[in-house]
Amino acid sequence: MPLLKVAAGTINTTPLAWEANKKSIIDAIEDARQQNISLLCLPELCITGYGCDDAFYSQNTLNQALESLHDIVNQTSGIVVSVGLPLRFNNKIYNTACLIANKRILGFTAKQHLPNYGLFYEDRWFHRWPSGAREEIKVGDFSYPIGDLVFDLSGIRIAFEICEDAWVALRPGRSHFERGVDIILNPSASPFAFHKFMTRERFVIDGSRSFSCSYVYTNLLGNESGRLIFDGDAMIASDGTLLASSPRFGYADYHLTSAVVDTDLTRLSHSQIKSSLPTGNWKVADTFTWPETSPAYQVAELEPFERGGFLKEEEFARAVCLALFDYLRKSRSQGFTISLSGGADSCACVALCGLMIRLADESIGLEAFKQKLSYIKKIQAETTIEGIAKQLIHSIYQGTENSSKDTYESAESLAESIGATFYNVNINGLVETYKGLIEQQIGRDLTWEPDDISLQNIQARVRAPSVWLLTNLYGHLLLATSNRSEVAVGYCTMDGDTAGSISPIAGIDKHWLRQWLVWLETIGCHVKGHHIKIEGLKKVNSLQPTAELRPKDKMQTDEKDLMPYEVLDAIEKVAIRDKKSPVDCFKFMEVRFEGKYSREMLFASVDRFFKLWSRNQWKRERYAPSFHLDDLNLDPRSWCRFPILSGGFEKELEELKAYYEGKSTKGRKGKIGF
C-alpha cells in the first residue's frame, strides 16, 4: 500500500533503569497499536538510556539490554518498531537501532558518525561503523544482519540515520537515496539548547526533500541523567513538507506523534532525479502486511509558546522546570529547599520550582503529577497547586545586620505568592560567635578595612549548615543559586552560597536572568489560551542585585563589586565561548559598547575578567551540577574545560596593557599634532 501511518515516539528514560525504560517502551508500542500505527520509531539508546557513561563498557549493561530487547520483541505483534541499544560485535561496542516487525528482529543498523565534542563523548564507548559495510551478528541462537542496512518490508524500504548521522555533511541519507529508500528513521538523543529545535526541523525537512522520502525523527524526553535536558522534539516530514511536530517539554512518560505518509508521492519525486545505481550487500528483505490506511491532510504547526515572541524565555522556563521535576523524582527526593535571600538568583530558583508544578498541571494534570511522585506521601492528599507547593518547596531567609527590609519583603512575598513554606531566621549571632572565636585566637579585632572578604564570606558560610539541616530534615534537594556570570568570575563563597545538590541557573547569565524574571512577573508562560505568571516577583524586580554582605552604609551592589553584568557577559562570550585573546576581546568590547562605556572602564573589565576567570577554575570544578542550556555552559565536567593551575594570562594581559596604552598615546599625539 502506498499510504502508511507512521509515528515518532519520545520517551523519558533513565540510565540503567531496565524495568522502567522497558515499561515506557512497551506502553508506547501498545498505544501506537491502538492508534493503528504501522511503523513506530523510538529514540536512540532508549533501552539503556543515553547517559550510561562508562557503564556502557560493562558486559552486564549489554546483557540487560538484550534481555529487555527480547521482552520488547514479544510485544510487537502487527507493528514495525525500531528501538535503540548498545551492541557488542567483534569485541567492539556499537550504538545501534534494531528494527523489529511482528515479533521478529530483522537486523541492527549501527551508527556511523559519533559526536565527540562539547557534551558528547561517544567515541569513548562506541566504534564508528564504516559506510557500506554489512556483517552478521549472533544474538542468542540466531544470527542477524548488522551494519549499514536498508530493510525491504514487502516493497517498503526503510533505513536509518542515527542522530549525529544527520548532522554531518556526508550523511548516510545520500546513499539511502541511491538505494531507493521510502522512509528514513532518525532515532536521536539530542540534548536541548536554545532554539535548537529549529535546526533539527531544517535537516528533517531538507532530508525528506533531498532524499525524496518520508523522514521520521524522534528524540528523548526530560532530564535523563542529571545535566542534559531532552525536549522531546519529534517530527515527521515528507518530500519537503513538515507533516507533524510534537509538543515539547511534556511531563508524561512518552508521547506519540503520527502522520500518514504517501510512498507513491515520494517515489514520484525520486523518479525525476538522476542517481547512481547502488552496489554492495545492503538490503535486508522480509515480509510484513501493511494495513490499509486512509489519506490525511496535515501540516505541522508551531506550539503557541513557540510563536509568541518570547521563545528563549519560554524555553528556559520549560526546560529547567522539566529538569527539576525529573531530578526530583529520579533521585526520589521529597522536595526542594532554597536559601532565599530575596535577590534575583534565589528568587529565580524558587520561582522555577513553583512554575514546575503549574507547568506539570498543564501537561498531565495534578493527579498524574502526584502519581509520578507517589513516593512523596505528604502531597497525595493535597488538591491544589498551593497545597502541593507548601509541601514540596521550602525556603529560608537568613538575615544579618547587613540585610535589608527590601530583600526580606522580596523573599516573603515570592514564597507567599506560589504557596511555598517560608522560614525566617536571624544568623547575626552565629556570625558574631565565629568572628569572636577567631579574634580570640589571632589576638586582634576583625574589621572591614583589612578583613573585607573574610567578613563577607563568613556570613555566607554560616548560612550553609542551617539550610543543609533544614534540607536533611525533610529529605529535600538543596538548590544552589549561582548564575553563570558569577560562575565565570568566581563571585561566590565556596561552602556557602554554592552549597547544593543541583545548580539550576548556573547555565544562564545574570543580565538575561533579570529580564526573564520581569517577563515571568508580567507576561509568563503561554499555555492553553492563558499565561502562567508569578506576580510575587514584583519586589525583587525593583531591586538592584546585591550580596548584602557589607554594612549598609557601604551601599554594596554586585555590579560595583564586579562590573556591569552586560559587560561581564559580553566579555565571557568572546573570551570563553569564542576563545579570543585579551587584546582581541578588548577590541570587540570597544565596538560593542562604543559610546556607552569608557575605554578605561572596558580595559579594566577585560583585565579583571581574565584574572578572575583563571584563578577561579577550582571553584567551577566544585559547583553543583548544572543544566546544559547552550554553548555558553561553563561546567568543566560536561562542556568547558580549563586547567585549575595555569599561567593566568600574564603575558596576554601585558600585551593588552601595551595595546591599550599605545593606542591611547597615539590618539593623544594625533590630536595635538592636528
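Before moving on, here are some points about what is shown:
- From the coordinates of this entry, percent of Cα pairs over 33 Å apart is computed, and it appears in (1) 53; (2) 49; (3) 64 under the label (1).
- Label point of K538 set 7 angstrom out along Cα-Cβ; within the range 398-420, amide nitrogens under 19 Å from it belong to 405-420.
- For N116, the shell of other residues with beta-carbons less than 9 Å away shows a net charge of -1, using +1 for Lys and Arg and -1 for Asp and Glu.
- Values of log10 I(q)/I(0), in the order q = 0.13, 0.15 Å⁻¹, for the range 286-407 under a Debye, Cα-only, solvent-free model: -0.68, -0.81
- In a fully extended conformation the segment linking E652 and S331 would gain 111.1 nm over its present Cα-Cα distance, using 0.36 nm per residue.
- Global size of the range 11-88 as Cα Rg and Dmax, reported in angstrom: 12.3, 39
- For the chain, size of Cβ-based charge dipole, Lys and Arg +1, Asp and Glu -1, in debye: 980
- Added length on full extension, which subtracts the Cα-Cα distance from 0.36 nm per residue, S131 to R641: 180.3 nm
- Taking other residues whose beta carbon is less than 11 angstrom from the beta carbon of G387, and scoring Lys, Arg as +1 and Asp, Glu as -1, yields +1.
- Kirkwood Rh and Cα Rg combined as Rg/Rh, the range 578-629: 1.09
- Residue-normalised convex hull volume from the C-alpha trace of the range 149-192: 67 Å³ per residue.
- In this simple spin-label model, placing a label point 7 Å from the Cα along the Cα-to-Cβ direction at both A169 and D264 gives a separation of 4.0 nm.
- Length added when fully stretched, R622-L302, from 0.36 nm per residue minus Cα-Cα: 111.2 nm
- Dipole in debye (nearest 20) - the range 314-357, about Cα centre, beta carbon charges: Lys, Arg +1; Asp, Glu -1: 280
- Axis of helix 59-73 versus longest Cα principal axis of the chain: the two differ by about 50°, to the nearest ten degrees.
- Convex hull volume per residue, computed on the Cα atoms of the range 401-452, equals 89 Å³.
- Beta-bridge orientation, the chain: approximately 60 percent antiparallel, per DSSP, counting only bridges with both partners inside.
- Where Rh is the Kirkwood radius over Cα pairs, Rg/Rh for the range 608-647: 0.96
- Accessible area per residue, Å², the chain with all protein chains present, probe 1.4 Å: 41
- Taking label points 7 Å from Cα along the Cα-to-Cβ direction, F194 and E401 give a separation of 4.2 nm.
- Loop sites in the range 195-232: chymotrypsin sites (Phe, Trp or Tyr not before Pro), DSSP, at most 15 other Cβ within 10 Å: none
- In loop segments of the range 288-392 as defined by DSSP, the GluC sites (Glu not before Pro) with at most 15 further C-beta atoms inside 10 Å of their C-beta are E292, E301.
- Within the range 270-312, chymotrypsin sites (Phe, Trp or Tyr not before Pro) in DSSP loop having at most 14 other beta-carbon neighbours inside 10 Å: Y297
- Lys/Arg +1, Asp/Glu -1 at C-beta; the range 531-643 dipole; positive extreme among I534, G595, F627: F627
- In order along the range 369-384, the Karplus-derived 3J(HN,Hα) couplings, from 6.51 cos²θ - 1.76 cosθ + 1.60 at θ = phi - 60°, round to 4, 5, 5, 5, 10, 4, 6, 8, 5, 5, 9, 5, 8, 6, 10, 10 Hz, and Gly and Pro are given as x.
- Compactness index (Cα Rg / 2.2 N^0.38 Å), the range 346-406: 1.38
- The portion of the accessible surface of the chain made up by carbon and sulfur, rounded to a whole percent, is 51 (1.4 Å probe; DNA, RNA and ligands excluded).
- Length-normalised contact order of the chain in % [C-alpha pairs under 8 Å, at least 6 apart]: 11
- The average projected area of the range 299-347, computed from the convex hull of its Cα atoms over all directions, is 5.4 nm².
- DSSP-defined beta bridges in the range 71-223 - what % are antiparallel, rounded to 5: 70
- Share of pairwise Cα-Cα distances greater than 21 Å in the range 425-522 is 49 percent (whole percent).
- Ranked by the mean number of other Cβ atoms within 10 Å of their residues, highest first, the peptides 258-266, 64-72, 469-477, 639-647 come out as 258-266, 64-72, 469-477, 639-647.
The values are calculated or read from the model by the stated rules, or taken from the named source; none is laboratory data. None of these values were measured; they are calculated from a predicted model. Every residue, glycine among them, receives a Cβ derived from its backbone with ideal geometry; neighbour counts consider all protein chains shown. Keep in mind that these areas ignore ligands, DNA and RNA; they rest on the heavy atoms of the full protein, side chains included. Shrake-Rupley method; radii C 1.70, N 1.55, O 1.52, S 1.80 Å.
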